[in-house]
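Novice: Please read through the structure below; I'll follow up with questions.
The values are calculated or read from the model by the stated rules, or taken from the named source; none is laboratory data. Predicted, not measured: the structure shown is a model, and the values here were computed from it. In this analysis, Cβ positions are derived from the backbone assuming ideal geometry, glycine residues included, and neighbour counts consider all displayed protein chains.
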Amino acid sequence: MLSTALICTVAFAGEVPQAQEGKTVAEQARSTAEAPSGLHLKIVENGFQLTWALSPQDPGAVDGYEIVRSDRFSGPYERVATVGKGISQYNDLSASKEIIYFFKVRASVGKEFSPFSNTVTGER
């Protein structure tokens, strides 16, 4: 006797993945990187030194990293810099004195971004 299995996927409105720019949903899922981890802030002369662990997709799919900063935990956050793949450090020398800053980092894959890393805080 032959047996067959039926596999169904149920999605609610708004949950159906859409292919973008000619990519299949599976290709999109593979192109998105995981967040960098372990973001750490050190106060250095004239600014902050940020270090992090690279995304697990670096080397590989990751093109670089975007560093963002805000003077409020809830944002809005603004891009302060981008660095290339394989780079896990950035010195922010543009921060003003006596302001508390919040920093996050995320990996980029083309025009896509990973989730953000943990948030770190510092004051010069």
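Novice: Report whether or not Asn91 is out of contact with any helix residue (DSSP H, G or I) (no Cβ under 9 Å at 6 or more places or on another chain) and at pLDDT 95 or above. Before the answer, list the steps.
Specialist: Details: out of contact with any helix residue (DSSP H, G or I) (no Cβ under 9 Å at 6 or more places or on another chain): yes; at pLDDT 95 or above: yes.
The answer is yes for Asn91.
Novice: Another one. Looking at this structure, is Phe73 surrounded by 15 or more Cβ atoms within 10 Å (Cβ to Cβ) and among the aromatic types (Phe, Trp, Tyr)? Spell out how you get there, then give the answer.
Specialist: Values: surrounded by 15 or more Cβ atoms within 10 Å (Cβ to Cβ): no; among the aromatic types (Phe, Trp, Tyr): yes.
The answer is no for Phe73.
Novice: Still on this structure: Return the residues of region 17-58 that are modelled with pLDDT of 90 or more, in a loop (DSSP other than H, G, I, E, B) and basic (Lys, Arg); say none if nothing qualifies.
Specialist: Selection gives nothing.
Novice: Of everything in region 73-124, what is without any contact (Cβ under 8 Å) to a residue 24 or more places away in the chain, under 13 Å from Val62 (Cα atoms), assigned to a loop (DSSP other than H, G, I, E, B) and not hydrophobic (A, V, I, L, M, F, W, C)? Give them in sequence order.
Specialist: Lys111
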